[in-house]
Amino acid sequence: MKRFYYILILLCVFVACAETPRLDFEVILPEDHDFFMDLDYVQVTMGDKVKRYEVTNGSFEINAKFNTTYGDIARLELRGYNSNQDVIAWGRTPIFSSVESSWLLSLYFGEVNTIGHLYDEVSLPCSGAQAVPITGTGSGPDNIAGHFFFGGTSDASTLDTVLYYDSYFHAPYSFEDIPLALRDSQVMVVNNSIILFYGGTTETGTVSDKLYYYASSCTYSCGATELTWGENEPLPPLTGAKVLPLGPFQDVVDDYSGNELVHAFMLIGGQTDEGPSDKLYLVTAWLNPVTQTIVIRQKNFEWPTFRTSFAAAATSQGSMDIPIAIYGGDSENQLATLSIGDNPEGITFTLSFNSISGASPLNPEIAVTENGTFIFMGGETSDGTPVTDVYALSPARMNLETMTAQVSRTGFTPAIINDTLLLAGGQCGEDICDAAEILKIYETDTGIDVENIAQASHPTPRIHPSVMVLPTGNIAISGGTDAGGACVKSLELFTPEPFTTQTEEEK
């Protein structure tokens, strides 16, 4: 990893840096930053304040100072321009809302549409643990402060540790141990203080039936604490199910003490201790700030066409009728709807299924646009032939639409940031893909198309990596395995095209 230390950017509260706390920034560069020779000038921006610095033969020095008031929400951005005034590199911090004199925030400055090598080795899982975001300051993508990993595997070991990637410092941290070494547990993020994790496979191969909540602050106690299920039938031992956050909804029923946010999750697929799961499990969680307890409820739904090797996603869009897309698995595609009712007798949940005709490959991937459209891609037929077509499914139109884009890889992981869809890692024919695929999403109120626009070379090719959409606008890539099945421990950051307007920046 390379660090660009001679940039000095100070954020000073009130007026005089000498008399009040200051916030320093270090600018981090990818290992390969030859794009510096193409820079003509750079701009540092905070809010409506812009400072420009010329670049000579790839060299420049910044000594910028910005004044702010303690507690104000702010964000710092650095953009690099070529002689045609095109943005060829950029980076920004997450939104921050306070100033601490001990802080040294990191700003990653990367070339547009490239993947930069940041660390040779990080203590993050290679497989068996999904990166789950927790909330921070702001809204939308800006609401992410960092990502947690619970357990997972590294080399041949099953982990019993909570690992965290911090978006403010671009660094991983190891937190408290969890009671069991687990992989493929079901993780449900309630807020930035409370995370539920359930089941998973232990180091001895047993499927766990334990439910825990993990407190990342000490408001509700610290570390991991075992919970019990609510009044209905408890969930069975479960591992590897897909966890779909359904978004919090407001509840006004006395049973929940009124006007509180109830957080809901749907668990689909996975394995029980008796074989593939043939049910869908709804889990709701409510935090009681008075008693400082967590109320858990659960409900089981029959799944008439259960299958394995499928993809699933949900999008609430603030509605009480939540669409859930189930794609692939060599069975009929489905668009399920979870309807939430609120009445004096209590909350009701009903689940209905609609069949969607079209290809149903094994092991496909799915992503969801900001407007709630599902994008289906990848996978293979039963004889191992890769499926190259990309499809979109709008809940309003209820049919698969074929996109312009083609995807000729399997074993990749998708991530969406604004209108950019990145397909990280994967298998291309007999070899591991040496570049990620960059797709562009063109979506209006009346239609959608997805097109291939470029590829970004992987400094370290890998299969089935973890991806993290960061509030900086980057996508972090970690974990996965190499051609020999060994754990890939490096960390890379993808820099998409920059956001072009203030409105786009603050989405």
For region 387-507, what does the alpha-carbon gyration tensor say about shape, rounded, prolate or oblate, given a ≥ b ≥ c as the root eigenvalues, a/c under 1.5 as rounded, and a/b over b/c as prolate? oblate
Cα-projected label distance for M320 with E332, points at 7 Å along beta-carbon direction, nm: 2.9
First check a/c for region 178-319, with a ≥ b ≥ c the square roots of the eigenvalues of its C-alpha gyration tensor; if it is under 1.5, answer rounded, and if not, answer prolate when a/b is larger than b/c or oblate otherwise. oblate
Sorted by packing (mean other beta-carbon atoms within 10 Å per residue), highest first, where do 297-305, 152-160 land? 152-160, 297-305
Give the peptides 356-368, 441-453 in descending order of average Cβ contacts within 10 Å, highest first. 356-368, 441-453
So D434 and E231, fully extended at 0.36 nm per residue minus their Cα-Cα distance, gain in nm 68.0 nm
Over region 385-439, what is the relative contact order in percent, taking alpha-carbon pairs closer than 8 angstrom and at least six residues apart? 25
With an 8 Å Cα cut-off and a minimum separation of 6 or more residues, compute the relative contact order for region 178-319 in percent. 19
Mind checking the full-extension length gain between A171 and N82? Use 0.36 nm per residue of separation minus the Cα-Cα distance, one decimal, nm. 29.1 nm
Pairwise centroid distance, computed over Cα atoms, of region 387-411 with region 143-168, Å: 31
Linear extension gain, E451 paired with N371, 0.36 nm per residue minus alpha-carbon span: 27.1 nm
Could you size up the charge dipole of the chain around its Cα centre, putting +1 on the beta carbon of Lys and Arg and -1 on that of Asp and Glu, and report it in debye to the nearest 20? 660
Give the whole-number value, in cubic angstrom per residue, of the convex hull volume spanned by the C-alpha atoms of the chain. 157
Label-point separation (nm) for D342 and D278, each offset 7 Å from Cα along Cα-to-Cβ? 3.6
Contact order relative to length for the chain, counting C-alpha pairs under 8 Å separated by 6 or more residues, stands in percent at 11
I need the peptides 271-282, 184-195 ranked by packing, meaning the mean over residues of other C-beta atoms within 10 angstrom, with the highest value on top. 184-195, 271-282
Over the chain, how many pairs of lysines fall under 14 Å by alpha carbon, counting only those 8 or more apart in sequence or from different chains? 4
Among the chymotrypsin sites (Phe, Trp or Tyr not before Pro) within region 47-88, which fall in a DSSP loop and have no more than 12 other Cβ atoms within 10 Å of their own Cβ? Y70
Near Y173, within a Cβ-to-Cβ distance under 15 Å, what is the net charge of the other residues, with Lys and Arg +1 and Asp and Glu -1? -4
Would you work out which of A181, Y164, G205 lies farthest towards the positive end of the dipole of region 151-229, given +1 charges on the beta-carbon of Lys and Arg and -1 on that of Asp and Glu, about the Cα centre? Y164
Out of G47, I441, P30, whose Cα points farthest toward the positive end of the dipole of the chain (charges: +1 Lys, Arg; -1 Asp, Glu; placed on Cβ)? G47
Can you check how the C-alpha radius of gyration of region 416-487 compares to 2.2 N^0.38 Å, as a plain ratio? 1.23
Given charges at beta-carbon only (K, R positive; D, E negative), |dipole| of region 178-319 in Debye: 400
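None of the figures in this text is laboratory data; all of them are computed from the coordinates on show. Small disclaimer: the values here were computed from a predicted structure and weren't measured. Note that we place each Cβ from the backbone using ideal geometry, even for glycine, and neighbour counts take in every protein chain shown.
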